[in-house]
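Q: For reference, the structure I am asking about is given below.
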Amino acid sequence: MRIIKKLKVLLLLTAIISTTLVSSAQDKKLPAPDKKGGSSLMEALWNRKSERTFANKQLSDQDLSNLLWAACGINRAENGKRTNPTARNKQEVSVYAFFADRVCLYDHKTHSLKTVTKGDHRKLIAKGQDFVLTAPVTLLLVVNLNMYDKIEDSSFLMGAADAGIVSQNINLFCAAYGLSTVTRATMDNDAIEQLLGLVDNQFPLLNNPVGYSK
Ligand SMILES: Cc1cc2nc3c(=O)[nH]c(=O)nc-3n(C[C@H](O)[C@H](O)[C@H](O)COP(=O)(O)O)c2cc1C
């Protein structure tokens, strides 16, 4: 009887440990974003341009951290506000990262990447523009109008404006750090909505492939 009890405890412990390992393997805590770095804002504005070629190299964790934080990370811990302004502070833009082996959601609260699904789904983003497949990561900007108190005619415009701001944060960060990127609207929206399990009034709006310059 005692042995059975011990076995049960052992099994429970094994289950707890393996669950912890699985979730930590699927979630990637990013290093803290830099406080300084890159070129000046004026230089970044001079250098900003759409670039569609990328070096065959993964982004370092630090560059990925800085990129995601620049896109829409928290820059005021006291009130949870972010690098990107949003209409009425509804914070309705989420950023997904499409890698060659998985798709992750950027969790701005913990500054980490949560795996949503495994596999290479970048073709859905490329939709025929094959240069996208050569970027190590593409950031997808998804707008959720359900964050608004009421969805009105102007809501879509607000969501589009807010996504545009996130995309420009990415553009300016890349220009300041010598990375390549381009704002894109092309993608297979329906298939992406299905892949990510998006709900009504939540939709992909823009994407930015990002990589080191060639
Ligand atoms: C809302 C928006 C959507 C765009 N969609 C695409 C796209 O699907 N594919 C692409 O290659 N470039 C796309 N672009 C990039 C434009 O073609 C590019 O910004 C324009 O040619 C000006 O070049 P520049 O960014 O170097 O100034 C898009 C730009 C914006 C702002």
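Coordinate-derived values only; no laboratory data. For clarity, every value in this text was computed on a predicted model and none was experimentally measured. All Cβ positions, even for glycine, are placed from backbone atoms using ideal geometry, and neighbour counts span all protein chains on display.
Q: Which FRET efficiency value, to the nearest 0.05, do you get for S50 and D190 by plugging their Cβ-Cβ distance into 1/(1 + (r/R0)^6) with R0 = 22 Å?
A: 0.30
Q: Shape of the chain from its Cα gyration tensor (a ≥ b ≥ c, root eigenvalues): rounded if a/c is under 1.5, otherwise prolate when a/b > b/c, or oblate?
A: Numbers: a/c = 1.72, a/b = 1.52, b/c = 1.13.
Cα axes put the chain in the prolate bin.
Q: Let me ask something else about it. If we count every other residue with Cβ under 12 angstrom of I151's Cβ, Lys/Arg +1 and Asp/Glu -1, where does the sum land?
A: Overall, the nearby charge balance is -3.
Q: Ok, one more. Taking the Cβ-Cβ separation of N201 and S40 as r and a Förster radius of 35 Å, what is the calculated FRET efficiency to the nearest 0.05?
A: E(calc), rounded to 0.05, equals 0.35.
Q: Classify the stretch 119-201 as rounded, prolate or oblate from the Cα gyration tensor: take a ≥ b ≥ c as the square roots of its eigenvalues, call it rounded if a/c is under 1.5, otherwise prolate when a/b beats b/c and oblate if not.
A: Judged from the Cα gyration tensor, the stretch 119-201 comes out oblate (a/c at least 1.5, b/c at or above a/b).
Q: Let me check against my output: what whole-number percent is the relative contact order of the chain, with C-alpha pairs under 8 Å and at least 6 apart? Walk me through the numbers on the way to the answer.
A: Numbers: 386 pairs, mean separation 56.4, N = 214.
Relative contact order here is 26 percent.
Q: So between S213 and N146, what do we pick up on full extension, going 0.36 nm a residue minus the alpha carbon distance?
A: Stretched fully, the S213-N146 segment lengthens by 20.4 nm.
Q: Rounded to the nearest 500 deg cm²/dmol, what is the calculated helix-only ellipticity per residue at 222 nm for the chain, with -39500 (n - 2.57) per DSSP H run of length n ≥ 4?
A: Dividing the helical sum by the residues of the chain leaves -12500 deg cm²/dmol.
Q: Could you calculate the contour length gain from L133 to D120, that is, 0.36 nm times the residue separation minus the distance between their Cα atoms, to one decimal place in nm?
A: Working: separation 13, 0.36 × 13 = 4.68 nm, distance 0.95 nm.
Net length gain for the segment: 3.7 nm.
Q: Quick check: residue separation of R76 and D61 times 0.36 nm, minus the Cα distance between them. What number comes out in nm?
A: Separation in residues times 0.36 nm, less the Cα-Cα distance, equals 3.2 nm.
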